[in-house]
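*Asks:* Structure incoming, see below.
No value in this document is a laboratory result; all are computed from the given coordinates. Bear in mind the structure is a predicted one, so any value in this text is a computation, not a measurement. Cβ atoms come from the backbone with ideal geometry, glycine included; neighbour counts cover every protein chain shown.
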Amino acid sequence: MTLHHDTHPAPAPAPAPEGVAGPATAAPASSSAAPPDATAAARLSGGGLTLAYDRRVVAEGLDVAVPDGSFTVIVGPNACGKSTLLRALARILKPSAGAVVLDGRPIAGWPAKKLARTLGLLPQTSIAPEGISVADLVARGRYPHQGLLRQWSREDERVVTESMEATGVAELADRAVDELSGGQRQRVWIAMALAQQTPLLLLDEPTTYLDIAHQIEVLDLCARLHEEGRTVVAVLHDLNHASRYATHLIAMRDGRIVAEGEPGAVVTAELVEDVFGLPCQVIDCPETGTPLVVPAARRRAP
Amino acid sequence: MSRSPRAAVLRTPAGLSLRFRPRALAVAAVCLVVALGTGVLLIGSGDFPMSPADVVRTLAGQGSPADSVIVNEIRLPRVVTALAVGAALGLAGAIFQSLVRNPLGSPDILGFTQGAGTGVLTVIVLFGGGSAAAAAGAAGGGLATGLVVWAVAGRHGAHGQRLVLVGIGVAAILTGVNGYLLTQAQIVDAARAVLWLTGSLDGRDWADSAPLLIALAVLGPLVLVGCGRALRMLELGDDAAHALGVPIERARLILLGAAVLLTSFAAAAAGPVSFVALTAPQLARRLTRTPGPNLLPAACMGAALLVAADWAAQRAFTGHQLPVGVVTGLLGGGYLVWLLVTERKTGRI
């Protein structure tokens, strides 16, 4: 049941992206405990990013690199700019300064379909057309591989079947998407992103609105996709989930990267207090040994 | 909800592949046959009745000279105009409804029909122009309204609820303007203008339908072949379409532009025939049971609806012809109410 990657060889080793940093200085951006050589090897990185909606600036002078082959998770309080950063990495949001670089070339210059064969995105909100079946929705993930005269090859058929099997929705293939439960629906959307066969996969809050069992189910699936060789980047709300699944954690606050690195090294009581303003203890998770955040008990009113 | 019918695939050894829905194609074909068949009936009816066989023979160029004049010079232009207006409105309606993801996203509601009306009233009332000028006014008014709605809704907002709300606002303003222009008109001009505003196919000749036929010939293939698949992806939401490699702003601009042009030229040819753009895509979807914009079935359904409405307008009340817009308005309004009632029953609104 493994998914084979289509052949998308990275065009030559990616050169270091420092050269493309925008005019904005990157001075306060990362006081990071980052792995030192992460930027040098990264296929996907951003330099000197200023991110804004209309005139509201969300982040300034942001430098970020997604280590190749990592399961990178971006965490931070609400409105810290983590989804905005993900949208910039996926080229949905155009930075007002700086540039996102993919495989050594500014992402702004990539042809749309070529980009969609390299970088997949599961958006926070998507709309399933009324009455569409699971198989039809997953099949739409093949769009970047298709053309006017190549609308449905055997390869398309095979990949769609494999994507549905890999996400456990194969037996739902003929069901209408609007009849499914939230967890099933999210797996269908992930299957669609899988059918794109991209070596990089970005997920914007894939567990929101799911109950705890479905959250774990979706995250386990993401971890498996990562183990199969993809670089996965996810925005998550739950710090404990992030610590458990991430191989690389990026903690953001007020549009800045406060810390990044391996969860075991990054997640400390001081950091959680600093980033979320939450007094807590950090203990080892009895199940996985990863950091587990236990919020401090409320003090009884005197 | 019934299952959507399966897709069929044609593959050649050279690696070409085409994917289509047999059911959607069948619906389109049936609508087309109904449209053409009703067209033949229409040509055969009137003060000088002809049998369908005679009509077909004359159309093929083997009729008597007298028949040929009646068919080719007088009655065919009207039927061709009806077919083209219906197809254009069905196609434009399907594009609008898909782009705004709302069954109410039709040019009647988004203000383009009212804009075409303003253009015509301006020409007739302020400049006393003839029918050619009125047609130009309709096209100009529709296009200008399209630009205004586009500018107000904004580059990123030209979809969904925002476009509907802006369109409703613009439609309300233009309805007021149209009312004002009518009060300023001479009584003869006002009567002409009102007849035009109802939507009518009386006395259409080739000159009336030529601009629309050209627009259909250019924009139809562009939309059906060039943008149809991108439009299907846009229905998943902007972010998902973007992630799948659709250049969303360019695709949307082309599609909206094509839909506005089709609506405007249709209004120029036959007046603002109401409700066809609203009902044709909905009926087509219910018959094809296929998600997606259903562009081709909607266009064929529009053609069938409009020719059938024209037939009813001419024949329903003996000795009393109605403008086709009255019939589509009555049928379309009834259909809209039915739609609201059934959607309410299924709990969707």
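*Asks:* Taking the beta-carbon count within 10 Å as an exposure proxy, list A:Lys82, B:Lys345 from fewest neighbours to most.
*Replies:* Listing A:Lys82, B:Lys345 from fewest to most nearby Cβ atoms yields B:Lys345, A:Lys82.
*Asks:* Could you give the size of the charge dipole of chain A about its Cα centre, using +1 on the Cβ of each K and R and -1 on the Cβ of each D and E, expressed in debye and rounded to the nearest 20?
*Replies:* Charge dipole of chain A: 840 debye, to the nearest 20.
*Asks:* Same structure again: Take peptide A:209-217, look around each residue's Cβ out to 10 angstrom, count Cβ atoms belonging to other protein chains, and average those counts.
*Replies:* Across the residues of A:209-217, the mean count of other-chain Cβ atoms within 10 Å is 0.
*Asks:* Under 18 Å from the 7 Å Cα→Cβ point of B:Val9, by amide nitrogen: which residues of region A:123-139?
*Replies:* A:133-139
*Asks:* With the contact rule set at Cα under 8 Å and sequence spacing of 6 or more, what percent relative contact order holds for chain A?
*Replies:* 23
*Asks:* Still on this structure: All other residues with a Cβ under 12 Å from the Cβ of A:Pro123 taken together, and with Lys, Arg as +1 and Asp, Glu as -1, what is their net charge?
*Replies:* Net local charge, A:Pro123 excluded: -3.
*Asks:* For every helix of n ≥ 4 consecutive DSSP H residues, a contribution of -39,500 (n - 2.57) applies; sum these over the protein assembly as shown, divide by its total residues, and give [θ] at 222 nm rounded to the nearest 500 deg cm²/dmol.
*Replies:* Only helices count here, giving -16000 deg cm²/dmol.
*Asks:* Continuing with the same structure: What lysines could a cross-link reach from A:Lys114, if we take a straight Cα to Cα line under 22 Å and drop same-chain neighbours fewer than 8 places away?
*Replies:* A:Lys94
*Asks:* For chain B, what's the relative contact order in percent, using C-alpha pairs closer than 8 Å and at least 6 residues apart?
*Replies:* Relative contact order comes out at 29 percent.
*Asks:* Check the straight Cα-Cα distances from A:Lys82 and name the aspartates and glutamates below 19 Å, setting aside those fewer than 8 residues away within the same chain.
*Replies:* Straight-line reach from A:Lys82, under 19 Å: A:Asp54, A:Glu60, A:Asp63, A:Asp204, A:Glu205, A:Asp238, A:Asp254, A:Glu260, A:Glu262, A:Glu273, A:Asp274, B:Asp239.
*Asks:* Quote the charge dipole size of region B:24-320 about the Cα centre in Debye, to the nearest 20; the model charges only the Cβ of Lys and Arg (+1) and of Asp and Glu (-1).
*Replies:* 700
*Asks:* In addition: Residues with amide H under 5 Å of A:Leu121's amide H, sequence separation 5 or more or different chain, H placed in the peptide plane at 1.01 Å from N; which?
*Replies:* Counting only residues 5 or more places away or on other chains, the set is A:Leu202.
*Asks:* Rounded to the nearest 5, what % of the DSSP beta bridges within chain A are antiparallel ones?
*Replies:* Roughly 60 percent of the beta bridges in chain A run antiparallel, per DSSP.
*Asks:* Report, as an integer, the average count of C-beta atoms from other chains found within 10 Å of each Cβ along A:111-117.
*Replies:* Counting other chains' Cβ atoms within 10 Å and averaging over A:111-117 gives 4.
*Asks:* For a quick check: sort B:Ile254, A:Ile250 by the number of other beta carbons within 10 angstrom, fewest at the front.
*Replies:* B:Ile254, A:Ile250
*Asks:* Can you give the average number of partner chain beta-carbon atoms within 10 Å of each beta-carbon in peptide A:129-136, as a whole number?
*Replies:* Mean inter-chain Cβ contacts per residue within 10 Å come to 6.
*Asks:* Given a Förster distance of 45 angstrom, what is the FRET efficiency for A:Arg55 paired with B:Val33, based on the Cβ-Cβ distance and rounded to 0.05?
*Replies:* Computed FRET efficiency for A:Arg55 and B:Val33 comes out at 0.20.
*Asks:* Could you give the length gained by full extension between A:Ser96 and A:Thr247, i.e. 0.36 nm per residue of separation minus their alpha carbon distance, to one decimal place?
*Replies:* My answer for the length gained is 51.4 nm.
*Asks:* If I model a spin label as a point 7 Å beyond the Cα along the Cα-Cβ vector, how far apart are those points for B:Ala132 and B:Ser64 in nm?
*Replies:* Calculated label separation equals 3.5 nm.
*Asks:* For B:Asn72, put the label point 7 Å out on the Cα→Cβ axis and report which residues of region B:26-46 keep their amide N under 18 Å from it.
*Replies:* B:40, B:43-44
*Asks:* Which order do the peptides B:299-308, A:167-176, B:120-129 come out in when sorted by mean C-beta neighbours inside 10 angstrom, highest first?
*Replies:* Per-residue Cβ counts within 10 Å, averaged per peptide and sorted highest first, yield B:299-308, B:120-129, A:167-176.
*Asks:* Right, here's the next one. Among B:Val69, B:Val120, B:Ala139, which residue has its Cα furthest toward the positive end of the charge dipole of region B:23-159, with +1 on Lys/Arg Cβ and -1 on Asp/Glu Cβ?
*Replies:* My answer, from the dipole projection, is B:Ala139.
*Asks:* Applying a 10 Å radius around every beta-carbon, put A:133-139, A:50-56, A:182-188, A:215-221 in order of their mean neighbour count, most first.
*Replies:* So the order, starting with the most tightly packed, is A:133-139, A:182-188, A:215-221, A:50-56.
*Asks:* If you put +1 on each Lys and Arg Cβ and -1 on each Asp and Glu Cβ, how big is the dipole of region A:74-227 around its Cα centre, in Debye rounded to 20?
*Replies:* 920
*Asks:* Now for a different question. For chain B, with the dipole built from +1 on Lys and Arg beta-carbon atoms and -1 on Asp and Glu ones, taken about the Cα centre, which of B:Gly228, B:Val177, B:Ala84 lies farthest toward the positive end?
*Replies:* B:Gly228
*Asks:* What full-extension length gain, to one decimal in nm, is calculated for B:Phe48 and B:Trp338 as 0.36 nm per residue of separation minus the Cα-Cα distance?
*Replies:* Working it through step by step, the gained length comes to 100.6 nm.
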